[in-house]
Amino acid sequence: MTAWAKAPPHSDPIGTLADEHEYLNTGLVPVSCAVCATEVLVRKASRAQTSVQYQSSPATSCPEFAARVADGELSARIDTCPRLRESIERAVVTGAVAVPDE
Ligand SMILES: [Zn+2]
C-alpha cells in the first residue's frame, strides 16, 4: 500500500465569489449530500421550516433517492434523501445555514 493510494477525491469548488454573493443575498446556502454529492440550495425560513431547492433532478443524481422513487415511496411530496437531510441538519448545526430569529 502506498501513501498515495487513498488520495481524497477533490470535488469541484462550489462557486465563485459572485455566486457566494448571490447566496448571501437570497439566504440560500449550497449543501451537498455527503454520500451522493447531490447539491441543493438550503434556506431556513424559521427554526421549523427549511426550504430545499434542487439544482438537478435528485432521482438522477442520488441513488438512494432514485431507489425510493422506483419503490413508490416518494410520490406527490418530494423529500430529500436521508443522507442529504443529515448533511443539511449538520449545516444548520454548524451555522453554515443561518436560522432566523423568530
Ligand atoms: Zn443522497
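Can you confirm whether region 62-69 contains a residue that is open to solvent by 40 Å² or more (accessible area, probe 1.4 Å), over 13 Å from Val40 (Cβ atoms), at pLDDT below 80 and part of a loop (DSSP other than H, G, I, E, B)?
no
Among what's in region 48-59 and is at pLDDT 85 or above and surrounded by fewer than 17 Cβ atoms within 10 Å (Cβ to Cβ), pick the residue that is farthest from the chain's Cα centre (by Cα).
Among residues in region 48-59 that are at pLDDT 85 or above and surrounded by fewer than 17 Cβ atoms within 10 Å (Cβ to Cβ), the one farthest from the chain's Cα centre (by Cα) is Ala48.
Of the residues that sit in region 17-45 and are of a type in the set (D, E, K, R) and open to solvent by 30 Å² or more (accessible area, probe 1.4 Å), which one is modelled with the lowest pLDDT? Full working, then the answer.
Filtering region 17-45 down to residues of a type in the set (D, E, K, R) leaves 19-20, 22, 39, 43-44.
Checking which are open to solvent by 30 Å² or more (accessible area, probe 1.4 Å) leaves us with 19-20, 22, 39, 43.
Numbers: Asp19: 59, Glu20: 58, Glu22: 55, Glu39: 90, Arg43: 92.
So the residue we want is Glu22.
Return the pair list, or none, for Cβ contacts closer than 6 Å from residues in region 49-65 that are within 12 Å of the ligand (Cβ to nearest atom) to residues that are of a type in the set (Gly, Ala, Ser) and at pLDDT below 85, at least 6 apart or on different chains.
Here the result reads Ala59/Ala66; Phe65/Ala59, each pair linking region 49-65 to a residue that is of a type in the set (Gly, Ala, Ser) and at pLDDT below 85.
The values are calculated or read from the model by the stated rules, or taken from the named source; none is laboratory data. This one's a predicted model, so the numbers in the text were calculated from it and none came from an experiment. Reconstructed Cβ throughout: ideal geometry from the backbone, glycine too, with neighbour counts over all protein chains shown. When the accessible area is computed, the model is the full protein with side chains, heavy atoms only, and any ligands, DNA or RNA have been set aside. Shrake-Rupley method; radii C 1.70, N 1.55, O 1.52, S 1.80 Å.
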